[in-house]
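Working notes for the structure below.
The values are calculated or read from the model by the stated rules, or taken from the named source; none is laboratory data. Since this is a predicted model, take the numbers as computed values, not measurements. A quick note on method: Cβ atoms are made from the backbone with ideal geometry, for glycine too, and the neighbour counts reach across all protein chains shown.
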Amino acid sequence: MPDDLDIHLLRHFVAVAEELHFSRAAQRLFVAQQALSRDIRRLERQAGVRLLDRTTRRVALTPAGRTLLRRARELLALHDTTVRELRVQPGSLTVDVVGTGLTPTLVLAAARRHVPTVEFFARFHTGTEAAAPLLLAERLDVTFGRNLGPADDIRQRPVRYEPIAVLLPERHALARLDAVPLASLRGTGLCFRAGNHATPGWDHAIRQLLTPFELDAAGAHPHVQGTDELAQHINDRNAPIITMTTQPAVPGTVLRPLVEPVALFPWAMMWRTHIDQDGLRALSGAVDDLAAIGNWLSIPDNAWLPEPEAGRFSNTRKAG
């Protein structure tokens with residue numbers, strides 16, 4: 001075989017071989033019939049064999065033509081797939097979204113809409129503390145949680161300062177309020193370990209929030225996850241639960257914002273430094289869009305943030 005086979009010529013050959021009619025094949029390819037005939041003769045010269053038996057009445061494949069048709073279809077399929085992959089570069093990302101229904105899942109959903117060609121795999125590793133080692137071990141690409149502070153090989157960006165809320169049994173006395181002052185939760189059997197958002201970072205933040213108000217949280221108990229278990233837990237205890245504003249609806253409960261102070265939970269996004277991929281850009285773009293629409297990165301005057309995030313924000317504000 002003196003020359004390499006031309007993909008362009010193979011594509012024209014397949015059309016003729018499938019139609020067994022030069023005029024129909026030319027129409028299918030949007031080329032002139034004379035040009036198509038020249039291409040087939042050129043391919044036969046490259047292959048060094050006759051591929052078609054042609055008469056004025058019929059077109060038929062030779063044995064060599066039948067062999068080439070099978071291989072040409074495979075080559076064209078591989079060629080076209082390769083071109084698509086090079087142009088789109090879809091890749092995939094494994095993303096820790098902490099729990100269903102939370103801020104990270106909103107970001108992931110928006111990113112999937114932005115780049116449907118990227119395959120995202122959601123994982124639930126309960127926050128930065130559990131996910132960070134997986135990032136460094138390259139078993140995870142992106143995670144959400146509280147800012148780690150300076151960390152080798154990990155980049156991070158703020159995502160949202162999410163208001164903290166109170167989930168109440170619908171017949172609870174505080175459920176009548178439009179917003180719940182933190183001090184009013186004294187003596188209510190308050191719980192903060194229930195919900196998909198409850199991570200070590202959350203635990204650390206909420207303890208800072210409650211301590212100055214001398215609020216005792218409910219006695220230690222296992223982490224409660226899932227809407228059904230959360231409904232059972234709040235029904236059994238008839239007590240408020242500190243949660244997020246993104247808390248999915250729980251039957252028999254109402255969600256109220258926490259005030260005095262307006263307390264915020266600082267979400268951040270973290271990823272391995274060397275990742276440079278469309279999916280990562282889509283996640284960051286989704287954060288930008290959602291933050292602009294929902295005012296996610298605005299911090300009201302006198303709002304509460306946990307440390308060390310409060311100190312970082314204060315230093316940034318002074319520097320600005």
For this session: Answer with yes or no whether TRP296 is buried (at least 17 other Cβ atoms within 10 Å of the Cβ), assigned to a strand (DSSP E or B) and at pLDDT 90 or above.
Result: no
Exercise. Which of the residues spanning segment 147-162 are more than 13 Å from LEU280 (Cα to Cα) and either of a type in the set (Val, Ile, Thr) or within 18 Å of the chain's Cα centre (by Cα) (or both)?
Worked result: ILE154, PRO158, VAL159, ARG160
For this session: Among the strands (runs of 3 or more DSSP E) lying completely within segment 168-279, list those that include at least 1 residues that are under 18 Å from PRO104 (Cβ atoms).
Result: 241-244, 264-272
Exercise. If you go through segment 228-237 one residue at a time, do you hit one that is modelled with pLDDT under 95, touching a Leu at 6+ places or on another chain (Cβ under 9 Å) and closer than 30 Å to PRO133 by Cβ?
Worked result: yes
Problem set entry | Residue list for segment 106-130, restricted to those being touching a residue at least 60 places away in the same chain (Cβ under 8 Å) and either closer than 15 Å to ARG155 by Cα or more than 13 Å from the chain's Cα centre (by Cα) (or both) | THR126, GLY127, THR128, GLU129, ALA130
For this session: Assess whether LEU78 counts as being under 30 Å from ASP276 (Cα atoms) and among the hydrophobic types (A, V, I, L, M, F, W, C).
Result: yes
Exercise. How many of the residues making up segment 10-47 are farther than 18 Å from THR62 by Cα and touching a strand residue (DSSP E or B) at 6+ places or on another chain (Cβ under 8 Å)?
Worked result: 0
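Can you tell me which residues in segment 132-153 are at pLDDT 85 or above and either outside any loop (DSSP other than H, G, I, E, B) or hydrophobic (A, V, I, L, M, F, W, C) (or both)?
LEU140, VAL142, THR143, PHE144, GLY145
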Exercise. Where in segment 2-60 are there helices (runs of 4 or more DSSP H), lying wholly inside it, with at least 1 residues that are under 43 Å from the mean Cα position of the chain (by Cα) and β-branched (Val, Ile, Thr)?
Worked result: 7-19
For this session: Please verify whether segment 173-181 includes one or more residues that are farther than 22 Å from TRP296 by Cβ, surrounded by fewer than 21 Cβ atoms within 10 Å (Cβ to Cβ), at pLDDT 90 or above and in the same structural domain as LEU297 (by TED's automatic domain parsing).
Result: no
Exercise. Scanning for something free of Cβ contacts under 8 Å to residues at least 60 places away in the same chain and part of a strand (DSSP E or B), does segment 90-105 turn up at least one residue?
Worked result: yes
Problem set entry | Every residue from segment 174-197 that is polar (S, T, N, Q) and within 26 Å of the chain's Cα centre (by Cα) | ASN196
Exercise. Conditions: (1) surrounded by fewer than 16 Cβ atoms within 10 Å (Cβ to Cβ); (2) modelled with pLDDT of 85 or more; (3) more than 27 Å from the chain's Cα centre (by Cα). PRO200 meets all but one. Number of the miss?
Worked result: (3)
